[in-house]
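Below is one structure, written out as structure tokens; the observations come after it.
The values are calculated or read from the model by the stated rules, or taken from the named source; none is laboratory data. Keep in mind it's a predicted model, so treat the numbers as computed, not measured. Backbone-built Cβ (ideal geometry, glycine too); neighbour counts: all protein chains shown. These accessible areas exclude ligands, DNA and RNA; they are computed on the full protein's heavy atoms, side chains included. Shrake-Rupley method; radii C 1.70, N 1.55, O 1.52, S 1.80 Å.
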Amino acid sequence: MNADTTGPHVVVAGGGITGLAAAHRLALAGHRVTLLEADARPGGKLLAGEIAGAPVDLGAESLLARRPEAIALARAVGLGDRLQAPATTTASVWSRGSLVPMPKGHVMGVPGDARAVGGLLSEEGVRRIAADLDLPPTEIGDDIAIGAYVAARMGHEVVDRLVEPLLGGVYAGDAHRISMKAAVPALFAAAREHATLTAAVRAVQRAGAAVPADAAGAATGLGGSVFAGVRGGVGTLPGAVADAVRAAGGEILLGAPVTALRRTGATGWQVVSGDRVLTADAVVLATPAGPAAALLAEHAPAAARELGAIEYASMALVTLAFRRPEMPDLTGSGFLVPPVDGHTIKASTFSSHKWRWVADAAPDLFVLRTSVGRHGEEEQIHREDADLVAASLKDLAAATGLGARPVATTVTRWPGGLPQYPIGHLARVARIREAVADLPGLRIAGAAYDGVGVPACVASAHRAADEIIATSETAAPGAGHSS
């Protein structure tokens, strides 16, 4: 550890992108930081790998560029010149046996004009959407499931064919359980102010249009793109952040799960990891909800109970490499799959089309990936690799006509990878934070609270770190750490 770092000692439990971002923020503020990660590598759901010699992402593959946090972190750790906008963002929906271009002019699948989804929905489905304009206002209350609300206003078909596959790509969840307030907060707020859902969607669209694309581009350097990738993979971001933490004097210990927390005095903590005991002035819990609940059971039982109630969805990614000359004529960045049609895969990304860096690194190959698994489908990720590959190839053949055999395949499983945000999720998070606030020098952060995307995780990390920094500025450092 850097001997010049003499500030308060903070232990960060969890080395996913949240924990890494918190450690980075704290180290730059002059705190002595020790990050403990149970796995043999940092990064959590961000994982760079390769297939047939081609670099690929085996976890999250893109960053939401309209939010600044992840892009700013990538720039801060030296990856600014490797940020890339997607080469194409044109996607399709595999619905009723056909690939249909993704409609434009919607907010998370909810259209502002019924005519925009005419190519995807039946004539009756389009008429049902238009009927929203004639319905009396719906009482929303403090929260509502987005699927139930949209179905009541615009019919089940738009939920089944558009909202479900889009939300499934983000949360791997059920639209009829997912909180509208948590998942689509801008639409929730607008829906409370407007008499119809159509008017609410148009209000959200107008608000987005008020920020010109060139202004967004100037802020990110990505030409106003909604998403961004990193040359070599978003999975390279954790390693860059870890290097920056170490360069700022922080310590990162791998294979070091946190097994217990103990209070020391009025504000201090002991953090137990195996036979190692670290004494800290403050702690950031950046673990998933389950481990956080176990660590807080003694100190904040109300928070632990709430954390223990947070459910997770598991998923698997099947990455396949083909000889490019053997591929059919695929277009766009990939397609989404409505669960109502009963297929195994829920989406496919044409990586060699979507990311220039993938195509440039392997010009003779075509790399794509499928995703499998939604909330309540835990059995999917326990299938054999060969079974998941065969199911993916079967669905790809039906959707695109792909008949080639892959030259290489990789299956990556993410058990408990995505926290679920049911009705009342934000109220639950508020109760958790209120209970944790009574513990001096301890904060929580991660995907279980404020959003599952990388920018949201970074923002959650910065919130926790900034609160610790603010409270420690007037407090004397503790005894440091020992092992």
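What is the local net charge at residue 193, summed over the other residues whose Cβ is closer than 13 Å to its Cβ (Lys, Arg +1; Asp, Glu -1)?
Working: positive: 192, 202, 206; negative: none.
With Lys, Arg at +1 and Asp, Glu at -1, the neighbours total +3.
Solvent-accessible area of segment 344-483 (1.4 angstrom probe, protein heavy atoms only): carbon and sulfur portion equals 51 percent.
Here the accessible area of segment 121-199 is 54 percent carbon and sulfur, with a 1.4 angstrom probe and all protein chains present.
For the residue pairs 181/354; 104/354; 104/346, the alpha carbons lie more than 22 Å apart in 181/354. One decimal place: the segment residue 390-residue 209 gains 60.8 nm when fully extended, by the rule 0.36 nm per residue minus the C-alpha distance.
If you put +1 on each Lys and Arg Cβ and -1 on each Asp and Glu Cβ, how big is the dipole of the chain around its Cα centre, in Debye rounded to 20? If you can, show how the numbers build up before the last one.
Numbers: 42 positive and 47 negative charges, 100 e Å.
That gives the chain a dipole magnitude of about 480 debye.
Hey, what did the chain get for relative contact order, percent, Cα under 8 Å, at least 6 apart?
On the way: 1071 pairs, mean separation 123.0, N = 483.
Averaging sequence separation for qualifying contacts and normalising by length gives 25 percent for the chain.
For a modelled paramagnetic label at residue 170, 7 Å from Cα along Cα-to-Cβ, the residues of segment 304-323 in reach, with backbone nitrogen under 19 Å, are 311-315. Based on Cα atoms of segment 226-373, Rg over Rh with Rh as the Kirkwood radius reads 1.12.
Could you work out how much longer the chain between residue 378 and residue 89 gets when fully extended? Use 0.36 nm per residue separation minus the Cα distance between them, nm to one decimal. Display every interim value, and only then the final one.
Numbers: separation 289, 0.36 × 289 = 104.04 nm, distance 3.00 nm.
Length gained between residue 378 and residue 89: 101.0 nm.
For a modelled paramagnetic label at residue 434, 7 Å from Cα along Cα-to-Cβ, the residues of segment 279-310 in reach, with backbone nitrogen under 18 Å, are 300-310.
Taken over the alpha carbons of segment 325-378 as equal point scatterers, the Debye sum produces base-10 log I(q)/I(0) values at 0.31 Å⁻¹ of -1.23.
Computed from Cα atoms alone, the Kirkwood hydrodynamic radius reported for the chain is 23.5 Å.
Considering all C-alpha pairs of segment 376-445, those separated by over 19 Å amount to 61%. Remark: the residue 115-residue 427 segment gains 108.7 nm on full extension, using 0.36 nm per residue and subtracting the alpha carbon distance. Note that the chain presents 39 Å² accessible area per residue, ligands and nucleic acids not counted, probe 1.4 Å. Between residue 343 and residue 253, the simple spin-label model (points 7 angstrom out along Cα→Cβ) gives 4.8 nm. Size descriptors for segment 1-106: radius of gyration and Dmax over Cα atoms are 19.0, 63 Å.
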